[in-house]
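Down below is the structure, laid out as C-alpha cells.
The values are calculated or read from the model by the stated rules, or taken from the named source; none is laboratory data. This structure is a prediction, so every number in the text was calculated from the model and none was measured. Heads up, the Cβs are rebuilt from the backbone with ideal geometry, glycines too, and the neighbour counts pull from every protein chain shown. Heavy atoms of the whole protein, side chains included, go into the accessibility calculation; ligands, DNA and RNA do not. Shrake-Rupley method; radii C 1.70, N 1.55, O 1.52, S 1.80 Å.
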Amino acid sequence: MDREILQFIDEKLGQGRTCALILIESQDGSAPGAEGAIMALCEDGSSRGTCGGGNLEKMLTQQVMEGMGEARHFPFAFELAKDLGMVCGGSARGYVRYFSQGPELVIFGAGHCSEALVRLLKNQRFAVTVVDEREGYADKEVFRDVRFLNMTPEEAVGQIRFGPSTYLVVATWGHLLDARAYRVCLGREYAFLGGLGSSKKAASVKTALLREGFDEQEILDLHLPVGIDLADGTPEEIAVSILAELLLVKNHRPLQLKKDAAGPWTPPERTRAE
C-alpha cells in the first residue's frame, strides 16, 4: 500500500498537480489507524490510503485541502474526544508534507525580450522552456541553462507539460507565428497564457481566434498584451513587467503598492514638550 501511495504522488506531480502526504507519527490510547499510517491527497480531490477514518480523517482532509494553495507543511495534534467528538478517545499526532513540481514557464520565441526574461528568471522557482524553430538560438549562452525546444509550436506542444502550474508566454518574431502558438495552447489546462503585442495587435489576434471558433471566455482571459504597465520599452524592463504579472497570478495577489496594502499611517500625537 505504501508503494501505491507514493506512486500516486509521483503520477500526480507528473501531471503538474500539488499533493500532500499525511503521516500519523504517534498515538496514545484508543485511536483509529496505526502509527506510521500514511494517506496521500491531491488538489483535484483524489486520494490514496487512510489516516484512520472517521472525524480524524475528515478534519485532516479538510485542513489539507484548504492549504493546497500555499502548500505550507504543518504538524497536527488532536485529542480525539475533546477536539473531534470521537467516542474512541485517545490522541493522534503527525505531520502534513506538501509536494509540488513547481511552476513551469514556456516561452514561445527566443528574441530580445525572451532573453531578458530568461536572465531575470535565473533565481526564480520557474522551470523554463524556450520554443523557437530557428537555427543557432539554442546555442546562445543565455539559453544554456534552460530547456530549449528547437521546433515549431505545433511540434513542441507534445513536449509541454500542461497543467495548473503551467505558464505560457508568446513572444515570437511575427504575429502569424504568435497566432499559431495561441492555437496549440488554447483549450488546454494552464495557469497563464499571454503574449507580447500592441493593443492593435492584441485585438487582431483575439478577433482572428474568435472567428476560428475558439472559446470567447478563454480569449477574454488571455493576458494579451502581457505585463504590468510600467516598462520604458526596453527588453529588460518589458521582462520585469512580464515577471511582475506572472507573480501576481502565481501568488494570487492583487495589483497594489505595498504601502497601500499596509494601510494608512497616522502620525503619533505630539508631546506637550514639543
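Just to verify a number: FRET efficiency for Leu176 and Leu120, C-beta to C-beta distance, R0 = 30 Å, to 0.05? Write out the running numbers ahead of the final one.
Working: r = 27 Å, r/R0 = 0.91.
The calculated FRET efficiency here is 0.65.
Need one value: the accessible area of Tyr137 in square angstrom, 1.4 angstrom probe, rounded to the nearest 10.
Ignoring ligands and nucleic acids, Tyr137 comes out at about 60 Å².
So who's got an amide H within less than 5 Å of the one on Leu105, skipping anything under 5 residues away but keeping other chains? H placed 1.01 Å off N, in plane.
Excluding prolines and chain starts, which carry no amide H, the hits are Ala127, Val128, Thr129, Tyr167.
Relative contact order, percent, of segment 1-159 when contacts are C-alpha pairs under 8 Å separated by at least 6 residues? Walk me through the intermediate numbers first.
Values: 289 pairs, mean separation 31.0, N = 159.
About 20 percent, as a whole number.
Across segment 227-238, in residue order, what do the Karplus-derived ³J(HN,Hα) couplings come to in whole Hz, using 6.51 cos²θ - 1.76 cosθ + 1.60 with θ = phi - 60° and x for Gly and Pro?
My calculation for segment 227-238 gives x, 7, 7, 9, 7, 9, x, 7, x, 5, 6, 4 Hz in order.
At a Förster distance of 45 Å, what's the computed FRET efficiency of His112 paired with Trp265, Cβ-Cβ distance as r, to 0.05?
Values: r = 41 Å, r/R0 = 0.92.
After rounding, the FRET efficiency stands at 0.65.
Write down the accessible area per residue of the chain in Å², having rolled a 1.4 Å probe over the full set of protein chains.
Per residue, the chain has 56 Å² of solvent-accessible surface.
Please compute the length gained on full extension between Glu25 and Ala138, using 0.36 nm multiplied by the number of residues separating them and subtracting their Cα-Cα distance.
Numbers: separation 113, 0.36 × 113 = 40.68 nm, distance 4.87 nm.
Full extension from Glu25 to Ala138 adds 35.8 nm.
Using amide H atoms built 1.01 Å from N in the peptide plane, name the residues 5+ places from Met151, or on other chains, whose amide H lies under 5 Å from its own.
Asp132, Glu133
Largest first, what is the accessible-area ranking of Trp173, Trp265 with a 1.4 Å probe? Walk me through the intermediate numbers first.
Values: Trp173 160, Trp265 190 Å².
Highest to lowest solvent-accessible surface, that is Trp265, Trp173.
Can you pull the one-decimal nm distance between simple spin-label points at Glu35 and Glu70, each 7 Å off the Cα toward Cβ?
Roughly 3.2 nm, to one decimal.
Measuring from the lowest to the highest alpha carbon on each principal axis, how far does segment 1-66 reach, largest first, in angstroms?
Result for segment 1-66: principal-axis Cα extents of 40, 25, 14 Å.
Once the Cβ-Cβ distance between Glu11 and Glu237 is put in as r, and R0 is 41 Å, what FRET efficiency do you end up with, to the nearest 0.05?
On the way: r = 41 Å, r/R0 = 1.00.
That gives a FRET efficiency of 0.50.
Which percent, to the nearest 5, of DSSP beta bridges fully inside the chain are antiparallel? Numbers along the way, then the final one.
Values: 23 of 41 bridges.
Of the beta bridges lying entirely in the chain, close to 55 percent run antiparallel.
What list of ³J(HN,Hα) couplings, whole Hz, do you get for segment 135-149 from phi and the Karplus terms 6.51, -1.76, 1.60, once you set θ to phi - 60° and write x for glycine and proline?
6, x, 6, 4, 8, 5, 4, 5, 9, 6, 9, 10, 7, 10, 9
May I ask you to list the residues of segment 122-139 whose amide nitrogen lies under 20 Å from a point 7 Å from Cα along the Cα→beta-carbon direction of Asn251?
Only 122-128 fall inside the zone, counting backbone N under 20 Å.
Put His112, His175 in order of accessible area, largest first, 1.4 Å probe: what do you get? Show your work: numbers first, answer last.
Working: His112 140, His175 110 Å².
Greatest to least solvent exposure: His112, His175.
Let me know the number of lysine pairs in the chain closer than 23 Å at the Cα, not counting same-chain pairs under 8 apart. Intermediate results must be reported in sequence, preceding the final value.
Values: Lys12/Lys58; Lys12/Lys250; Lys58/Lys82; Lys122/Lys140; Lys122/Lys250; Lys250/Lys258; Lys250/Lys259.
Within the chain, the lysine pair count is 7.
Note down the relative contact order for segment 1-78 as a percent, whole number, built from C-alpha pairs under 8 angstrom at least six residues apart. Please list the in-between numbers first.
Working: 97 pairs, mean separation 20.8, N = 78.
27 percent.
Among rounded, prolate and oblate, which fits the chain when a ≥ b ≥ c are the square roots of the eigenvalues of its C-alpha gyration tensor, a/c under 1.5 means rounded, and a/b larger than b/c means prolate? Display every interim value, and only then the final one.
On the way: a/c = 2.49, a/b = 1.53, b/c = 1.63.
Taking the square roots of the gyration eigenvalues as a ≥ b ≥ c, the chain is oblate.
For Phe214, enumerate residues with amide H under 5 Å from its amide H, sequence gap 5+ or separate chain, H modeled in the peptide plane.
Distant-sequence amide H within range of Phe214: zero hits.
Just order 124-134, 213-223 by mean Cβ neighbour count inside 10 Å, highest at the front, would you?
Details: 124-134: 19.5, 213-223: 13.7.
By packing density, highest mean first, the sequence is 124-134, 213-223.
Counting only C-alpha contacts under 8 Å and six or more residues apart, can you give the relative contact order of the chain as a whole percent? Spell out each step's value before the answer.
Details: 470 pairs, mean separation 37.9, N = 274.
14 percent.
Starting at the first residue of segment 58-75, write each ³J(HN,Hα) from the Karplus equation 6.51 cos²θ - 1.76 cosθ + 1.60 with θ = phi - 60°, in whole Hz, x for Gly and Pro.
For segment 58-75, the Karplus-derived couplings read 4, 5, 5, 4, 4, 5, 5, 5, 5, x, 4, x, 8, 6, 9, 4, 7, x Hz, x marking Gly and Pro.
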